[in-house]
Amino acid sequence: MLLYALQRTGLAILICITSMVMLFSALKLIPGDPATIMLGARASAEMKARITEELGLNDPIPVQLATFFGRILQGNLGTDMWSQRPVTQIVLDNLPYTLVLIAAGLGWAALIGIPLGCYSAIRRNSFIDKFTAVISVGTISIPSFVVAIYLILFFAIELGWLPVIGAGERGDYLDQAVHLIMPAFALGLGWVGYLSRIVRASMLEVMGENHIRTARAFGLPEYRIVKSYALRIAILPTITLLAVAIGGLLSSAVFVEAIFARPGIGKLIVDAANMRNFPVVQGGVLTTVALFALAMPISDILIAWLDPRVRATL
Amino acid sequence: MIRNGLSRRALLKSAAVASAVGLLGIKPQQVLSAEGGLLKVRMEADIQVLDPGYMIGGSETSIQYACLPRLAVPVKKGDTWDWAPSDYVEKITQDDPTHISFTLKPGLMWSGDSGEVTAEDVKFSLERMLKSDWAARYPTLERVDVTDKLSGVIILKSPFAATFLMGIASESGSLVPKVAVEKLPDQKFTTELPGQCGPYSMTEWTPKQRVVLKANPDWRGTPVAFQEVQFINIEDTKAAELAFEAGEVDVTGVLPETAARYGKGMPAGTKLTGVPGPYYTWIGLNTEHEKLKDIRVRKAIQRAIDVKSILDAAYGGVAQPAHGIVTEGVTGHRTTSKYSYNPDQARALLAEAGVSDLSLEFKTLNEAYRVTAAQVVQANLADVGIKVDIIPLDSGPFWNLGLESKGDEWKTLQMWWMRYRMSPDPSDGIQWFLKNQVGVWNWERWSDPEFEELWTKGLSETDPAKRNAIYLRMQEIMEDTGAYVWITNDPLSYAHKESVVPGFDTGGEILVEITKKA
């Protein structure tokens, strides 16, 4: 089990390194002089020289890459080229907002989606099952930013019930929670459909297995069969899906954070890219890649820990 | 920075407010966006550098105006920007073309332990600009002589008419406390002001969320209308418009298409205010390119492009056509052109030049409104028999197109869409078209001896009427080259509550210290 965990973590580190080499190369392949791109039109020669010097753009690319990784190993993601703040600090300031948003979005999606999937499986071909199927496909196909805009138009502009912008007052958790309602709803809505479909399919498969038939033969109540025998196995594919969802939600979070003007890692990367603030882009992307790369081995390890059949194969 | 944490009191307060909202049926937006002493202004980008020597612009400018002293301020005199002494000085006068004397008011105190604002601070602040990223704002500044604690003389190497509007009265004229700045690494600062002295004090910066300014209780100048100002960071303009309609910000810039929509009907209790912006947009033609060498071809293109259609399609009809580069409210602003949309005349000029089957490449930054404008140009020129291929480019390759130092693209460059930004002095906008800018920013690649001569005269001319005539003539020369199709001085539109009367600086940024209640 330990060796398995180490293998999966090593793979995650390799993914991070590969991604960063690709990102670093992509930034260097952008046509034009990086300092001119960052500073825009009519930048003075002095300003360009200063930026070039500060970012080490005159060094050969392998040297720049080595410097970049050397700094990362020391926990230093570089310095924001404008505000001169450490990128590590900027990322750490923004990361919690995104994690909370993803947790809230995924959390409510799981709370609704998993029971809905179970119910649909148990009451297969019922009206509720068919209705859920239609709603699921509908919610999956609506992009989160469209949901966000309609939520704002209805709940903020029309009804005036919920706040539109920001993440709420610091230290005021109630205010922060109120500010989280619409963004989390917009982010999680599509995942309600995904989760309910996956759980339904998985449950249908498990409910047909011998141990469920045996449990029924012993006269166990249906709710107990579902909760204690079927769902425990049917939930396993959902754990993998949730890990994959982290990647998808990180991308969707960019739009949601932009529309609701919430701080967060996605918005940080987009804003930095707009400003051509490459050190912040690199630091932000590395963090998101690391999050995603770590979520996968964690889900694999969790499944191995929960499922003795998987554990037996290690 | 604010510490994170929840006190018992904050929790109880929140619960009480939530209960009141629920029981009384009050809409949260009414609680969250209080009027009276609080003004909420959307800021497009988070602050990065408040140091006047290394700033980026935008809301940083607004904060500098509100929290840092300066010797003079820009004021509108009639339709044109001029300068006036600020609240911080007893007097400031231009004694002769190269000497400006000033005396600060006594008792103006910096926050922290930097003491009183003195002439030494003025000397330090202005002279450090000469070594900064914004040195171009003071092209002829030599030094500042301190005559006593509060008085001094600013000495110029040669006369420069825009010393006030581009330098002393602009954001680049913000004063900083010498004692505090000298203690900083590299003697620079970014997001934390080393000392403040102004109508407002910056009390909070929550990165990527907001900047809070509170009225300075020790301020003895013109009183401010709002006790607290919050700059709310909303990068996306559409999101800012939604936040405005939900009542969460009091003032926001809006997109041209939204301004057009608001023009037909504003949300209740709100108003739209248009402000001349600092931008000038034109279509450039390379006078050295084989296909465009003949001035009759260039003049045909000037007359074949329907600027009004471009403004309707790309700017929602809210922008006015330009007749030069100098923006409205600035000396030298031009109100008529010598050419107008006339496809028949364009066809005649092309026939006279013996040109048929002409095809051109039109390069533009890859932004939706610019591509829309390019499509209108494509249709207009097709109407007179010129085929246009639109080539949208990212900013990297685009900004290198005309630079000789960046390759050979300038040799094949034919026609492009361009927008520059200028300070409220014509010299700032016109300097890029001089002979020494050919191959740098004069992508049209022409020069003219009269233009060069007028340039030198314009810098030192102090008579407003004569200066006006100089810059009008310079733009006429530019137009006569046939290398420019004037498009617009892109207007800025702000939506705001009817209860707020926003004040603006010369570049169209909101100045909260002169923003009033209706």
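The values are calculated or read from the model by the stated rules, or taken from the named source; none is laboratory data. Quick caveat, the model's predicted, so the values are computed rather than measured. FYI the Cβ positions are ideal-geometry reconstructions off the backbone, even for glycines, and counts take in every protein chain you see. SASA here: full protein model, heavy atoms, side chains in, ligands and nucleic acids out. Shrake-Rupley method; radii C 1.70, N 1.55, O 1.52, S 1.80 Å.
Exactly one condition in (1) under 30 Å from residue A:196 (Cβ atoms); (2) within 14 Å of chain B (Cβ to nearest Cβ); (3) open to solvent by 40 Å² or more (accessible area, probe 1.4 Å); (4) free of Cβ contacts under 8 Å to residues at least 60 places away in the same chain is not met by residue A:92; state its number.
It is condition (1) that residue A:92 fails.
Can you confirm whether residue B:207 is open to solvent by less than 20 Å² (accessible area, probe 1.4 Å) and in contact with a helix residue (DSSP H, G or I) (Cβ under 8 Å, 6 or more places away or on another chain)?
Yes; evaluated as a whole, the condition is true for this residue.
Check whether at least one residue in segment A:297-310 is within 15 Å of residue A:95 (Cβ to Cβ) and open to solvent by 30 Å² or more (accessible area, probe 1.4 Å), and report yes or no.
Within segment A:297-310 (the criterion being within 15 Å of residue A:95 (Cβ to Cβ) and open to solvent by 30 Å² or more (accessible area, probe 1.4 Å)), the answer is no, since none of the residues qualifies.
In the list A:128, A:157, A:135, which residue meets the criterion of being touching an Asp or Glu at 6+ places or on another chain (Cβ under 6 Å) and modelled with pLDDT under 90?
The conditions single out A:157.
Could you check segment B:409-518 for helices (runs of 4 or more DSSP H) lying wholly inside it with 1 or more residues that are touching a residue at least 60 places away in the same chain (Cβ under 8 Å), open to solvent by less than 20 Å² (accessible area, probe 1.4 Å) and closer than 30 Å to residue B:174 by Cβ?
Here the list reads B:426-430, B:449-460, B:464-480.
Just to be sure before I move on: is residue A:134 of a type in the set (Val, Ile, Thr), within 14 Å of chain B (Cβ to nearest Cβ) and open to solvent by 50 Å² or more (accessible area, probe 1.4 Å) in the structure I sent?
no
Just name the residue that is farthest from residue B:279 (Cα to Cα) out of those in segment A:36-69 that are at pLDDT below 70 and small (Gly, Ala, Ser).
A:45
Could you tell me which of the residues B:154, B:168 is under 24 Å from the mean Cα position of the chain (by Cα) and either free of Cβ contacts under 8 Å to residues at least 40 places away in the same chain or open to solvent by less than 30 Å² (accessible area, probe 1.4 Å) (or both)? Give the steps one after another, and end with the answer.
Values: B:154 fails: under 24 Å from the mean Cα position of the chain (by Cα).
On inspection, the qualifying residue turns out to be B:168.
Among (1) farther than 27 Å from residue A:79 by Cα; (2) open to solvent by less than 40 Å² (accessible area, probe 1.4 Å), which single condition is residue A:240 missing?
For residue A:240, the exception is condition (2).
Among the residues of segment B:243-259, how many are within 12 Å of chain A (Cβ to nearest Cβ) and in contact with an Asp or Glu (Cβ under 9 Å, 6 or more places away or on another chain)? Outline the logic, then answer.
First, pick out the residues of segment B:243-259 that are within 12 Å of chain A (Cβ to nearest Cβ): B:243-249, B:252.
Subset that is in contact with an Asp or Glu (Cβ under 9 Å, 6 or more places away or on another chain): B:244, B:252.
Residues meeting the conditions: 2.
Every residue in segment A:56-84 that is open to solvent by 40 Å² or more (accessible area, probe 1.4 Å) and assigned to a loop (DSSP other than H, G, I, E, B), please.
Those that are open to solvent by 40 Å² or more (accessible area, probe 1.4 Å) and assigned to a loop (DSSP other than H, G, I, E, B): A:58, A:59, A:60, A:74, A:75, A:76, A:84.
Look at residue A:225 and say whether it is of a type in the set (Val, Ile, Thr) and open to solvent by less than 60 Å² (accessible area, probe 1.4 Å).
So residue A:225 fits the description; yes.
Determine whether residue B:50 is open to solvent by less than 50 Å² (accessible area, probe 1.4 Å) and more than 14 Å from every other protein chain (Cβ to nearest Cβ).
For residue B:50, the condition - open to solvent by less than 50 Å² (accessible area, probe 1.4 Å) and more than 14 Å from every other protein chain (Cβ to nearest Cβ) - is not met.
For segment B:105-114, state whether one or more residues are open to solvent by less than 20 Å² (accessible area, probe 1.4 Å) and within 17 Å of residue B:151 (Cβ to Cβ).
No.
So residue A:261 clears everything in (1) part of a helix (DSSP H, G or I); (2) within 14 Å of another protein chain (Cβ to nearest Cβ); (3) crowded, with 21+ Cβ neighbours inside 10 Å except one condition, right? Which one?
For residue A:261, the exception is condition (1).
When you scan segment B:60-83, do you find a residue that is touching a strand residue (DSSP E or B) at 6+ places or on another chain (Cβ under 7 Å), under 20 Å from residue B:197 (Cα atoms), open to solvent by less than 10 Å² (accessible area, probe 1.4 Å) and within 14 Å of chain A (Cβ to nearest Cβ), even just one?
yes
Select the strands (runs of 3 or more DSSP E) contained entirely in segment B:144-235, then report the ones holding at least 3 residues which are closer than 24 Å to residue A:89 by Cα and either within 14 Å of chain A (Cβ to nearest Cβ) or among the aromatic types (Phe, Trp, Tyr) (or both).
Those strands (runs of 3 or more DSSP E) span B:200-206, B:210-215, B:228-233.
Among (1) farther than 23 Å from residue A:119 by Cβ; (2) over 20 Å from the mean Cα position of the chain (by Cα), there is one condition residue A:147 misses while meeting the rest; what is its number?
With respect to (1) farther than 23 Å from residue A:119 by Cβ; (2) over 20 Å from the mean Cα position of the chain (by Cα), residue A:147 is out only on (2).
Name every residue in segment B:210-219 that is in contact (Cβ under 8 Å) with a residue 12 or more places away in the chain and open to solvent by 30 Å² or more (accessible area, probe 1.4 Å), in order of residue number.
B:210, B:214, B:216, B:218, B:219
Based on this model, can you work out whether residue B:257 counts as over 17 Å from residue B:349 (Cα atoms) and assigned to a loop (DSSP other than H, G, I, E, B)? Let's see the steps before the verdict.
Numbers: over 17 Å from residue B:349 (Cα atoms): yes; assigned to a loop (DSSP other than H, G, I, E, B): no.
Judged against the criteria, residue B:257 is not a match.
Determine if segment B:451-464 includes at least one residue that is of a type in the set (Phe, Trp, Tyr) and either within 14 Å of chain A (Cβ to nearest Cβ) or over 25 Å from the mean Cα position of the chain (by Cα) (or both). Give the derivation first.
Step one: list which residues in segment B:451-464 are of a type in the set (Phe, Trp, Tyr), which gives B:451, B:455.
Restricting the remaining residues to those that are either within 14 Å of chain A (Cβ to nearest Cβ) or over 25 Å from the mean Cα position of the chain (by Cα) (or both) gives B:451.
Checking segment B:451-464: at least one residue is of a type in the set (Phe, Trp, Tyr) and either within 14 Å of chain A (Cβ to nearest Cβ) or over 25 Å from the mean Cα position of the chain (by Cα) (or both).
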